[in-house]
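Below you'll find the structure, written out as structure tokens, and then a few comments.
The values are calculated or read from the model by the stated rules, or taken from the named source; none is laboratory data. All values reported here derive from a predicted model rather than from experimental measurement. Here Cβ is always computed from backbone atoms with ideal geometry, including for glycine, and neighbour counts include all displayed protein chains. To get the accessible areas, we keep the full protein, side chains included, count just its heavy atoms, and leave off ligands, DNA and RNA. Shrake-Rupley method; radii C 1.70, N 1.55, O 1.52, S 1.80 Å.
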Amino acid sequence: LRPVLRLAAVGAIYLVIASPLLIPTLRELSTARYMVPEPDAALRHSADLLAYFMPPRGHLLWGPAFSWRDQWPFGGDTYEVYFTYTALVLAGVGLLMGRRQQASMSGKADPSNRYALPARWFWGVAGLLFFLLSLGPVLQVNGQQIEWMPMPYRLIEYLPVFNISRSPDRFDMPLTLCLAVLSGYGVNALTRRLPAAQNFARGGMAASLIAIALIVVELMPFPYPQSTADVPRWYTQIANEPGDFAILEMPPQGDYWHGAYRMYFQTAHGRPIFGGYISREYYHPFLDSTSGFQRLQHYDDMGDVFADGPNEWYTAFERYKVRYVVLQKRREPERDDPRARPDVEQSRRVIARVLGPSARPVYEDEQLAAFAVPKPSERVPFMAVGEGWQPREVGPNGAFRWMGDRATITVEAPGVGEAYLSFRATALGEPRRLQVFHGDVL
């Protein structure tokens, strides 16, 4: 029972340490589905079997010779899973020629030591398991799918909690760890069999250096492509500006990496922003539902389901402490790719419509333009779309939204006052009875 108890102790310690992250994750999984990836996500992010034997795309010598794999429909992810033939040969030597004895914690062979580290076949079986999992739900070879071959990753897709995984090719990381240990066994086995290796330590050092040199040649990571990490000058300026305020960045965040760079810039200016990214993205309704903010998200100037104007917009901006609207002129990280540049002129026009006569930049350079948000001439109530509404649509009579059985409209007012709600509604199909509640009051 001792091995079982040791595994149980490891599991218990992990659960205690991981519980601050694990418990909220499980709670979120029980109430939402956004963490479960799209049906074809695992297939798109699986490793092609041939990719394990192909050098990285960026290899200086023979990488370009394998560029045709970019045409694979799946399995051509930019993650590199190349084994290196050096590591494969060393791992094979370690498995087939290594000593039977296990290495103890002190490094000396001692089969009777109950604290011995796992033997080489443990690492071989574990590596094989991670290798099979990295190939994903369907085996792919040279871009072709082999449907009849059952793959173990299919089991993971149906297991609760594990089914949120979307990138099987990342099992390459624990596979690489197993391969590294087996390569160490291989170096030891070769060192013992080299006639000239009178000194085991000296021979092991020489064999290790040769193996490292061969792996470097196989990977050839120089020069490694890097993105510049510069921050626009204006962001460092507002870090020292007095007061508590937020900035609203445009164009609207429409992709994964744009939000990442906005969060990176935030490390310099330290001001609250609207947006960003997380690993499992879900719908954030604030910008698309709140008066003023939603006007900057749409270029059609059709508004939303409620009537509003500059006082409502500026009151909402003031309520959420927005001091500047920032127009970013280039989309990161592809700053030098003309295809990746956002439509700045459309954003300029919508900023001018919302901010009015004061829509002149208080700062502008080649990277961004910053606009000061005006104060409302009168602080008035403003509205926001709450829960239960479908996405905004535009028809011949303007913007509208569909609702189900129940939906909410939120009113934020600067103070207590009397207000009137007037609205137009239509039913899809048969007439329906509409009831309006304020809190619990009909």
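Just a few scattered comments:
- Residues in region 1-31 that are within 18 Å of the chain's Cα centre (by Cα) and modelled with pLDDT under 90: Thr25, Glu28, Leu29.
- Some residue of region 394-409 being open to solvent by 50 Å² or more (accessible area, probe 1.4 Å) and touching a helix residue (DSSP H, G or I) at 6+ places or on another chain (Cβ under 8 Å): no
- As a summary of the residue check, Asp230 satisfies the conditions (1) within 28 Å of Pro56 (Cβ to Cβ); (2) part of a helix (DSSP H, G or I) except for the one numbered (2).
- Residue in region 350-364 that is surrounded by fewer than 11 Cβ atoms within 10 Å (Cβ to Cβ) and either at pLDDT 90 or above or not in a helix (DSSP H, G or I) (or both) present: no
- Cross-chain or 6+ apart pairs with Cβ under 6 Å, region 388-402 first and over 16 Å from Thr290 (Cβ atoms), then among the charged types (D, E, K, R) and not in a loop (DSSP other than H, G, I, E, B): Phe400/Glu393
- Residue match in region 152-170 (condition: open to solvent by 60 Å² or more (accessible area, probe 1.4 Å), modelled with pLDDT of 85 or more and over 30 Å from Arg33 (Cα atoms)): no
- Restricted to region 2-97, the set of helices (runs of 4 or more DSSP H) holding at least 2 residues that are in contact (Cβ under 8 Å) with a residue 40 or more places away in the chain and open to solvent by 50 Å² or more (accessible area, probe 1.4 Å) comprises 2-31, 85-97.
- In region 214-231, residue modelled with the lowest pLDDT [restricted to those that are surrounded by 10 or more Cβ atoms within 10 Å (Cβ to Cβ) and within 27 Å of Gly186 (Cβ to Cβ)]: Pro221
- Screening region 121-151 for residues that are part of a loop (DSSP other than H, G, I, E, B) and surrounded by 12 or more Cβ atoms within 10 Å (Cβ to Cβ) and picking the one that is nearest to the chain's Cα centre (by Cα) gives Gly136.
- When residues of region 188-213 are limited to those that are open to solvent by less than 60 Å² (accessible area, probe 1.4 Å) and modelled with pLDDT of 90 or more, the one nearest to Ala126 (Cα to Cα): Ala211
- Cβ separations smaller than 7 Å between residues 6+ apart or across chains give the following pairs from region 219-237 residues that are touching a residue at least 40 places away in the same chain (Cβ under 8 Å) to residues that are open to solvent by less than 100 Å² (accessible area, probe 1.4 Å) and polar (S, T, N, Q): Leu219/Thr84; Pro232/Gln367.
- Counting the residues of region 282-317 that are farther than 22 Å from Ser422 by Cα, open to solvent by 30 Å² or more (accessible area, probe 1.4 Å), touching a residue at least 12 places away in the same chain (Cβ under 8 Å) and touching a Gly at 6+ places or on another chain (Cβ under 9 Å) gives 2.
- If only residues of region 248-294 that are of a type in the set (S, T, N, Q) and not in a helix (DSSP H, G or I) are counted, the one that is nearest to Val373 (Cα to Cα) is Ser291.
- Residue, farthest from Gly127 (Cα to Cα), within region 67-89, restricted to residues that are modelled with pLDDT of 80 or more and among the aromatic types (Phe, Trp, Tyr): Trp68
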